[in-house]
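Since the structure comes first, as structure tokens, the remarks are kept for the end.
FYI, it's all coordinate maths here, none of it is from the lab. The structure displayed is predicted, hence computed values, not measured ones. For neighbour counting, all protein chains shown are included, and Cβ atoms are generated from backbone atoms with ideal geometry for every residue, glycine included.
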Amino acid sequence: MKIKNNLLHFNKVGFNLIIIMAVLLMGVGCSKSFLNVPPQGQQPSQQFWQSQSDATAAVNAIYASLRSWNETAFAAIAVESMASDDAAKGSTSSDATFMNNFDQFTITSSDEGGQLGGFWSGQYQEINLCNQVIDNIPGINMDATLKARYLLEAKFVRAYSYFRLVRAFGDVPLRLHIPADASQYNIPRTPKAQVYAAIEQDLTDAAGGLPSIYNGADVGRATKGAALALHAMVALYQQKWSDVVNYTNTIMLSNTYSLFPNYEQMYRVANNNCSESIFEIQCAVTPNNPAAETSQYSQVQMPRGVNWGGWGFNVPTQDLVNEFETGDARLNATVIFQGVATLEGDIVPSPATNPMYSYKAYVPSSLFSTALQNPGCQQDVRAIRYASVLLWNAEANNELGNTSTALASLELVRARARAYSIANGAPVGTLPKVTTTVQATLRTAIQHERRVELGMDFFESRYFDLVRWGLAATKLPGWKANKNEVWPIPQSEIDLSVGMLTQNKGY
């Protein structure tokens, strides 16, 4: 069963049914119980949205959808990573050549590989699930506290999806409710300022009512800290520096999060939802149901070869490797080099398709079994880390002229990296303290630290950093100003809208 891609053209019955279809797609048997979605495929849509269990299933489907193919695999990699100077296509030269269109800025609205359309439809499918929750749960007779929380969780995820859309495409259709009648099915693009305003309202609401922490089976749901962090990121992209400082200060003063001491182990399965994680996409094993299992985020990026089971896409570049300072052990926790054993004992066979691969998407082959149709499916996808909050705080304070405060936040990140490097054999003196309070020099230091700390991370996009810093034209061959700040609107969406949607300039 396949959910129709274009969300602007569902009829009313389709909007009522999509949640039932999503429930079927997410399956059962997941070891993280809040992702358990009871099969509702035979339940008529008019009988759904009646009980608290219906509300729970609908909200859980929102989270389960976050790990879908279009949300975390090829489409996300193409749109949010491939164009940066950190990443290359990988795999063999003849495999998935359409990914080169993103790397080389030759992508057209025709979207030969379907990744623009996949990313677009993936976000709008997520938004539709959120809108159904927001519109339908208020009418259910259920626990009032849980009802309020579910609505705020949906608002957080909706804001997350709209931010990914507006960052990638600029103006996008803003739909905050299920269409009430045929006149609302096909809508034009909304100016990005209005989209940002809607995102910020959702995040303000979410931060105002979501709990700071969860326990037990609910660990991994959206929290107050996640809403504040995403709001800080949204403000960062709009250069609302004071807002960034306010939101990040609130997180830092909450003492809810801390930098995880072991940088490499922070990304391993055993440390899913660790002290540094502010929001991560929950993944798990679902035996005999690979479609429900995970996004294949790890499988897409892990090396090919015996016991690895990966496809080898989205590989690090030598340019990224060269950015690391001598002795910075984060390099060997970010990049898997051909012929060099991982800390868990896996070795990329030599010769291999590529000289290096992403360590952050790596899952040890010892965790593979016949029950795992998608190798690596039990590793959560880290979306927002506390290190990002500290570096956002540093960047915003520096832009406001608060250089001493910016330096302090930057040094918190470097101090962890310094200690980690020394613990892994680097000499004392590795990663010396940054001491400058000259704004331009400190800006460069912060940009460097973002690259080496967050290199190959999911969601924290080096590509969009270069765009917002105004450095893309000098760092990325083929990138053109007044065009490549955004990707083209998929032509398939323009055609389905019968011209209601307009194309971005230059495409």
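Using r as the Cβ-Cβ distance of A423 and L253, and R0 as 22 Å, what FRET efficiency do you calculate, to the nearest 0.05? So, using R0 = 22 Å, E works out to roughly 0.20. Toward the positive end of the charge dipole of the chain, with +1 on the Cβ of Lys and Arg and -1 on the Cβ of Asp and Glu, the farthest Cα among S161, Q318, A180 is that of A180. Using the average count of surrounding beta-carbon atoms within 10 Å as a protection proxy, the listed peptides 335-347, 400-412, 218-230 rank, highest first, as 218-230, 400-412, 335-347.
Among L331, G345, A193, whose Cα lies farthest out toward the positive end of the dipole of the chain, if unit charges sit on the beta carbon of Lys, Arg (+1) and Asp, Glu (-1)? It is A193, whose Cα lies furthest towards the positive end.
Given +1 at the Cβ of Lys and Arg, -1 at the Cβ of Asp and Glu and no other charges, the dipole of the chain around its Cα centre is 280 debye to the nearest 20. Between the alpha-carbon centres of the range 165-202 and the range 424-494 there is a gap of 28 Å. When its C-alpha radius of gyration is set against 2.2 N^0.38 Å (N residues), the range 400-449 gives a value of 1.20.
Size estimate for the range 151-208 follows the Kirkwood approach: the inverse of mean 1/r over distinct Cα pairs works out to 11.8 Å.
Kirkwood radius for the chain, taken over all pairs of different Cα atoms as the inverse mean of 1/r, rounds to 23.2 Å.
Its Cα gyration tensor gives the range 330-437 an equivalent ellipsoid, and the semi-axes of that ellipsoid, as √(5λ) in whole Å with the largest first, are 35, 18, 12.
Peptide packing for 465-473, 498-506, 198-206 was compared via the average number of neighbouring C-beta atoms within 10 Å per residue; ordered from the highest value, the list is 198-206, 465-473, 498-506. Placing unit charges on the Cβ atoms of the charged side chains and taking the dipole of the range 338-451 about its Cα centre, the candidate lying farthest along the positive direction among V363, A383, A406 is A406. Two numbers describe the Cα atoms of the range 393-481: Rg and Dmax, which are 14.5, 44 Å. A Cβ-based charge dipole, computed about the Cα centre of the range 293-425 with Lys and Arg at +1 and Asp and Glu at -1, lands at about 180 debye. Calculated mean residue ellipticity at 222 nm for the chain: -13500 deg cm²/dmol, from DSSP H runs with n ≥ 4 weighted as -39500 (n - 2.57), summed, divided by the residue count and rounded to 500. For the chain, relative contact order (Cα pairs under 8 Å, six or more residues apart, normalised by length) works out to 19 percent. The modelled label-to-label distance for the pair T145/V340, using points 7 Å beyond Cα in the direction of Cβ, is 5.1 nm.
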